[in-house]
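Working notes for the structure below.
The values are calculated or read from the model by the stated rules, or taken from the named source; none is laboratory data. All of these numbers come straight from a predicted model, not from anything done at the bench. Here the Cβ is made from the backbone with ideal geometry for all residues, glycine too, and neighbour counts use every protein chain on show. Ligands, DNA and RNA are excluded from the accessible area calculation, which covers all protein heavy atoms including side chains. Shrake-Rupley method; radii C 1.70, N 1.55, O 1.52, S 1.80 Å.
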Amino acid sequence: MAKASIAKGMRDFTSFEVLRREYIISVIRNVFESFGYGPLETPSMENLETLTGKYGDEGDKLIFRVLKSGDFLKSVPENLERNASTWSSLISDKALRYDLTVPFARFLANNRNDIKLPFKRFQIQPVWRADRPQKGRFREFYQCDADVVGSNSLWQEVELMQMYARVFDALLLPVKIRISSRRILADMAEFCGVGDRFMAFCIILDKVDKVGVEEVVRQWVELGVPTEKAQQLIDIIALRGEPAVEALKALGATGNGLEEVSWVIEKFSKFNSDSVLEFDPSLARGLDYYTGCIFEVEALNSSFGSLGGGGRYADLTGIFGLKDVPGVGISFGLDRIFLALEEADLFPDSIQDAPDVLGVQLSEDSAETVFRVVSQLRENCVIAEFYPDAVKLKKQLDYAHQRGIRYVVIIGENELANNTLQLKDMKEGEQFEIDMEDFMENPINYLDLN
RNA sequence: GUGGUUGUAGCUCAGUUGGUUAGAGCGCCUGAUUGUGGUUCAGGAGGUCGCCGGUUCGAGCCCGGUCUUCCACCCCA
């Protein structure tokens, strides 16, 4: 192990990677902006009490807490029992944000008087989770969120689904958007007679594609569901789309979740898209605050988790003292989209960090002239780099080759004497001697840039 | 947080039941080409075997700890 290693679950990004990440972000950002969502940024850290209790017990454990500054043991009583949670609230008073939704809710509550409803914002920032890393799962990762608050209209759901579709269409990544509703899940739990153990019911259901139907039935029965009803429901869970809706209706679902989901799908389908939006009764996202529709996006052929998720929450800001503000939002997982695009080899070739031209000097006498040419190229919006040392030409050409630079401008004694320059096309392997004044007049004439 | 897994040259990996000086491919450097990359040829450099400790006459190999990677839980993007 090197003396200095990188913190667990954290990553460096090379320029190659940063440019690809920026490509994804630009696609998402353009879609967000085209729908009228405005950017918001919130701080990396929030007060600890802003975050705790918002993500369930499991979520609380995954929050990165930050020590108080100075003598943080000052407020710990002598002989306090060794208990992590009592200690942490004494020695820590702030934490890295765990998602973008809760900070957004805090922002809304803080600025309630200045915000016109319905309010739309998007937010593209890193979040941190003290999770154990795996493929596609990091301790620091970017979320790209779009939320709208202040409207109960299902048209917002349609709009957000369209935003999902627009982004993945633009990235050429085929995805399936799964949609369901917490109300449908509640109906199912009610049907099974375990409405009071709703969360446990959902957690078992959510695992169906991993552990299989038999295991889900077994666990449901263990939870208290009559075997007959568990069997009846599990057959429906395997259905998708309209047949699933009909089957659930036949069971006597009383909430209007089915109508809502069907309505959203129907409206969505009137607008063309390569992406699929489908009712999936096995979808059971667990986040505590969702109350209506829930969504999840997955790549059609990916080996890791979802690319994004979201849902409707009837009252997100209530915990911060701002009542009755409904909202609905979606999130894109930048890092997973990155992996999906990489796996499917879908990054455009045009993303590259190589300059168009490298200026090469054969002797220190020619350096100033080369530098002048390079400067002129930049004036003409050509990305140009100046090789700083008069080392062997072989070495400088090799550098250009390695970096993928298309053109090299070579100036040595002969060129200085003739007032010319050599323009070498590294791709075609051709080289031309060009009059210096002609080239400086309009360098783009001599370059084939795209 | 629980259980497992991985770590050998810049990269991908080999390394026999523990036994001399730890190897290969690719990459890198130098030269053939004193002003021409990508091909070829010749030569060369580079490793505290993740880290710490233990067993042993002797450890890359066995044992313990630790860090890291990946996997399954948990949960999620």
*If you take the residues in the range A:131-186 that are open to solvent by 10 Å² or more (accessible area, probe 1.4 Å) and aromatic (Phe, Trp, Tyr), which one is farthest from the chain's Cα centre (by Cα)?*
A:155
_Looking at residue A:32 and the list (1) open to solvent by less than 50 Å² (accessible area, probe 1.4 Å); (2) out of contact with any strand residue (DSSP E or B) (no Cβ under 8 Å at 6 or more places or on another chain); (3) within 19 Å of residue A:141 (Cβ to Cβ); (4) in a helix (DSSP H, G or I), which single condition is not satisfied?_
(2)
_Pairs with Cβ under 7 Å, 6+ apart, first in the range A:58-72 and open to solvent by 80 Å² or more (accessible area, probe 1.4 Å), second assigned to a strand (DSSP E or B) and of a type in the set (A, V, I, L, M)_ = A:65/A:95
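Show me the helices (runs of 4 or more DSSP H) entirely contained within the range A:315-424 in which 2 or more residues are free of Cβ contacts under 8 Å to residues at least 40 places away in the same chain, within 12 Å of RNA strand B (Cβ to nearest atom) and open to solvent by 30 Å² or more (accessible area, probe 1.4 Å). Quick ask: steps written out before the conclusion?
Working: elements: A:334-343, A:364-379, A:393-403, A:413-418.
In the range A:315-424, the matching helices (runs of 4 or more DSSP H) lie at A:393-403, A:413-418.
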_Among (1) closer than 30 Å to residue A:404 by Cα; (2) open to solvent by less than 50 Å² (accessible area, probe 1.4 Å); (3) not in a helix (DSSP H, G or I), the one test that residue A:25 misses_ = (3)
*Please go through the range A:131-146 and pick out each residue that is touching a helix residue (DSSP H, G or I) at 6+ places or on another chain (Cβ under 6 Å) and more than 8 Å from RNA strand B (Cβ to nearest atom).*
A:142, A:144, A:146
_Tell me which helices (runs of 4 or more DSSP H) are completely within the range A:207-291 and hold 2 or more residues being within 16 Å of RNA strand B (Cβ to nearest atom), or say none if there are none._
A:208-211, A:213-223
_Qualifying residue in the range A:74-85 (condition: open to solvent by 70 Å² or more (accessible area, probe 1.4 Å), farther than 22 Å from residue A:329 by Cα, more than 16 Å from RNA strand B (Cβ to nearest atom) and of a type in the set (Lys, Arg))_ = yes
*Could you tell me whether any residue of the range A:435-450 is near RNA strand B (Cβ under 10 Å from one of its atoms) and either open to solvent by 90 Å² or more (accessible area, probe 1.4 Å) or out of contact with any strand residue (DSSP E or B) (no Cβ under 6 Å at 6 or more places or on another chain) (or both)?*
no
*Hey, residue A:294 hits all of (1) closer than 24 Å to residue A:150 by Cα; (2) loosely packed, with under 15 Cβ neighbours inside 10 Å; (3) touching a residue at least 24 places away in the same chain (Cβ under 8 Å) but one; which does it fall short on?*
(2)
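Picking from A:145, A:114, which residue would you name as being over 19 Å from residue A:330 (Cα atoms) and out of contact with any Pro (no Cβ under 8 Å at 6 or more places or on another chain)?
Only one candidate passes the filter, namely A:114.
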*Does the range A:86-103 hold any residues that are under 15 Å from residue A:316 (Cβ atoms) and either outside the structural domain of residue A:40 (by TED's automatic domain parsing) or more than 13 Å from RNA strand B (Cβ to nearest atom) (or both), and which are they?*
A:103
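Criterion first (touching a residue at least 40 places away in the same chain (Cβ under 8 Å), assigned by TED's automatic domain parsing to the domain that holds residue A:323 and open to solvent by 20 Å² or more (accessible area, probe 1.4 Å)) does residue A:117 satisfy it?
Criteria met by residue A:117.
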